[in-house]
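Here is the structure we will look at, set down as structure tokens.
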Amino acid sequence: MIELESVSKRYTKDSNVVNALVEVSLRIDRGEFVAILGPSGSGKTTLMNMIGLLDRPDQGVYRLDGRDVSTFDADELAATRNKRIGFVFQSFHLLPKTPAVENVELPLIYSDRSDLSGLATKALERVGLADRSSHVPSELSGGQQQRVAIARALVNEPDIILADEPTGNLDSSTGLEILGILQDLNDDGTTVVLVTHDANLAAMASRRVQIVDGRIAMDEPVTDRRDARAALATTP
């Protein structure tokens with residue numbers, strides 16, 4: 001489904017060249033739950049941006065379902081991001097004076113579906129927040145705001161969810177709730193890519209890819225996988 005072949009990305013910062021990604025080759029199959037693990041500055045967010053079609057490689061090839069994305073024009077890139085990829089970030093990026101259901105509806109502005117009715121409510125139901133649809137973000141807890149953000153990512157029913165440090169602004173118990181939702185989505189067939197610096201969170205994926213200085217240092221299945229839902233049930 002996702003295939004990067006010898007992908008490199010460089011940035012220039014204060015006249016210095018930064019090698020954010022160096023000949024990264026990575027394949028993610030449909031329905032996997034992959035954690036991209038690494039410290040700040042390792043290149044993991046650049047890698048997520050590449051997978052999410054928010055950035056282009058300087059070298060190498062990225063194929064999505066076998067198609068070289070360098071052949072996509074701007075309209076096809078935007079349409080693919082909107083229809084196929086849902087983004088969840090550490091900061092929730094919700095409109096502060098806008099009710100939850102309207103925040104969730106935002107990606108539908110660019111949808112070409114003939115019938116959009118009920119999609120936002122359905123997405124909120126999926127994350128357990130149907131009863132908070134009229135609440136603005138200031139009336140919601142951090143965990144609830146992140147659930148709204150996940151619902152927004154789900155509203156177009158994408159087949160890929162990219163989550164960049166989605167529990168970074170949450171306490172550990174609430175973070176487990178969010179990871180449990182991601183595990184539920186993966187159980188339903190959604191491909192999930194989790195970007196994190198936390199090895200404990202990475203252990204909740206089925207596969208762990210460690211990136212160091214822009215290079216893949218490890219790529220292995222998680223043999224001792226933790227279940228966030230079970231961990232939450234035993235949390236005092």
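Could you tell me whether region 183-190 includes any residue that is under 30 Å from Pro221 (Cα atoms), touching a Phe, Trp or Tyr at 6+ places or on another chain (Cβ under 8 Å) and part of a loop (DSSP other than H, G, I, E, B)? Within region 183-190, none of the residues are under 30 Å from Pro221 (Cα atoms), touching a Phe, Trp or Tyr at 6+ places or on another chain (Cβ under 8 Å) and part of a loop (DSSP other than H, G, I, E, B).
Remark: Val61 falls outside the filter, which requires a residue to be farther than 22 Å from Asp164 by Cβ and surrounded by 15 or more Cβ atoms within 10 Å (Cβ to Cβ).
Considering region 79-95, the residues that are closer than 24 Å to Gly175 by Cα, hydrophobic (A, V, I, L, M, F, W, C) and surrounded by 13 or more Cβ atoms within 10 Å (Cβ to Cβ) include one that is farthest from the chain's Cα centre (by Cα), namely Leu94. Among the residues of region 68-125, those that are basic (Lys, Arg) and closer than 12 Å to Ala153 by Cβ comprise Arg81, Arg84. Pairs are defined by a Cβ separation below 7 Å, a sequence spacing of at least 6 or placement on different chains, a first member in region 143-171 that is under 10 Å from Val88 (Cβ atoms) and surrounded by 23 or more Cβ atoms within 10 Å (Cβ to Cβ), and a second member that is of a type in the set (Ser, Thr, Tyr) and at pLDDT 90 or above; the pairs so defined are Ile161/Thr190. Restricting Thr121, Thr98, Thr174 to those that are surrounded by 16 or more Cβ atoms within 10 Å (Cβ to Cβ) and more than 23 Å from Ile36 (Cβ to Cβ) reduces the list to Thr121.
The values are calculated or read from the model by the stated rules, or taken from the named source; none is laboratory data. Since the model is a prediction, treat every value here as computed from it, not as a measurement. Note that we place each Cβ from the backbone using ideal geometry, even for glycine, and neighbour counts take in every protein chain shown.
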